[in-house]
Amino acid sequence: MSKLQKFTTSAGRRIYTFPVQSFPNLINNIYVISDDDHLILVDTGSGIEQANQELLAGFDALAETYDPHIQLANLTHILITHGHIDHFGGLPLVRQFSDAPIGVHVLDRRVLSNYEERTIFAARRLDIFLERAGVSAVHRNNLMEMYKFAKNFYRSTPVQFCLKEETPTAADIHVYHVPGHCPGQVCLQVDDILLTADHVLSYTTPHQAPEIITNNMGLEHYLASLTKIERLDGIRLGLGGHEEAMTDVAGRIRAIKQSHQDRLNKVLDICRQPKTTADISRELFGTVESYHVLLALEEAGAHVEYLYQRGELSAANLDEIEHQTHPVVKYRRA
């Protein structure tokens, strides 16, 4: 297994990592935290066959390269950083080897433990968002089929405890709740190393979706959460759920904030004339294909929502909005 890495914290704890391919063009970092008393798995990949095989191979490689004790059967805890399937979809596989308790933030608990119900509700809210964004019925149906496809790799798995910011885990790992990218997104501090999950990444600006789709998401929550982590002292290294390690987490956060400010300014410029969210998405991101169309629409929607909440955008077609069930909203600069 290539690309194994080992990091040692200021207190001598070991953090091992290896990549798995969760979906085409999407690599996840799996983390294993080890000390004299605990062996903790952080995230599991997507649960598709390739990711599962690479998860098992990664553990075999860690045991062979670093420590024969590193085995799924020896896990003491399983921590899920947030409720996106590329981070928790491998839980059913892990459950075949380990009965270690699973922990996730309470706002993402039902995603893991009542997955089928949550998927139905989430799909319904997404469909309404797309309709109001101005996506045609045919195109909307295609996007919804793509959205639902990835949901078939997981079955509900009970959660044994919830990660709480005011309560360190049994292994004295400090939890920071950082909603925005996901309602229950957490960062995990292990001494002077911070597992940033998908809250802060080394070169990608993490994807945003509007709160109208899922409560406790949206740009308002995300920017506030960035500030919380930016103010932390004593962080030597950041390890993301994807991509490379970060030696300056606060600096990376400042760059991400600036990226969003630039995008907000561009949306305001686009909306000098009335535009739908679909129009804005096309002008922001140009021609994109497949699942990236949905991601672009959600990203545009998050920025439109943020500006509309602050009175910087207004609705230009109030008569249509008043008389239609799910009206397409056209936004203009206020």
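The values are calculated or read from the model by the stated rules, or taken from the named source; none is laboratory data. This structure is a prediction, so every number in the text was calculated from the model and none was measured. Note that each Cβ is placed from the backbone with ideal geometry, even for glycine, and that neighbours are counted across all protein chains shown.
The set of residues from the stretch 105-151 being of a type in the set (Val, Ile, Thr) and touching a Cys at 6+ places or on another chain (Cβ under 8 Å) comprises just one member, Val106. Residues of the stretch 159-176 that are of a type in the set (A, V, I, L, M), closer than 17 Å to Thr44 by Cα and part of a loop (DSSP other than H, G, I, E, B): Val159 alone. I'd like the full set of residues that are within 19 Å of Tyr147 (Cα to Cα) and either among the hydrophobic types (A, V, I, L, M, F, W, C) or in contact with a Ser or Thr (Cβ under 7 Å, 6 or more places away or on another chain) (or both), limited to the stretch 268-301. Within the stretch 268-301, Ala278, Val288, Val293, Leu294, Leu295, Ala296, Leu297, Ala300, Gly301 qualify.
Condition check ((1) among the charged types (D, E, K, R); (2) outside any helix (DSSP H, G or I); (3) at positive phi; (4) in contact with a Phe, Trp or Tyr (Cβ under 6 Å, 6 or more places away or on another chain)) across all residues:
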{"residue": "Asp262", "(1), (2), (3), (4)": "yes, no, no, no"}
{"residue": "Ala278", "(1), (2), (3), (4)": "no, no, no, no"}
{"residue": "Leu294", "(1), (2), (3), (4)": "no, no, no, no"}
{"residue": "Val328", "(1), (2), (3), (4)": "no, yes, no, no"}
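Within the stretch 126-158, the residues that satisfy the criterion of being exposed (fewer than 15 other Cβ atoms within 10 Å of the Cβ), part of a helix (DSSP H, G or I) and of a type in the set (D, E, K, R) are Glu145, Lys148.
Restricted to the stretch 301-326, and to residues there that are part of a helix (DSSP H, G or I) and free of Cβ contacts under 8 Å to residues at least 40 places away in the same chain, the residue that is surrounded by the most Cβ atoms within 10 Å (Cβ to Cβ) is Tyr308.
With the structure loaded, tell me whether Gly180 is touching an Asp or Glu at 6+ places or on another chain (Cβ under 9 Å), closer than 28 Å to Ala11 by Cα and either modelled with pLDDT of 95 or more or outside the structural domain of Ile78 (by TED's automatic domain parsing) (or both) or whether it fails that test. So Gly180 fails the test. In the stretch 32-50, the residue that is nearest to the chain's Cα centre (by Cα) out of those that are farther than 24 Å from Arg155 by Cβ and touching a residue at least 60 places away in the same chain (Cβ under 8 Å) is Ile33. Within this structure, Phe88 fails the test of being crowded, with 18+ Cβ neighbours inside 10 Å, on the phi < 0 side of the Ramachandran plot, aromatic (Phe, Trp, Tyr) and outside the structural domain of Leu75 (by TED's automatic domain parsing).
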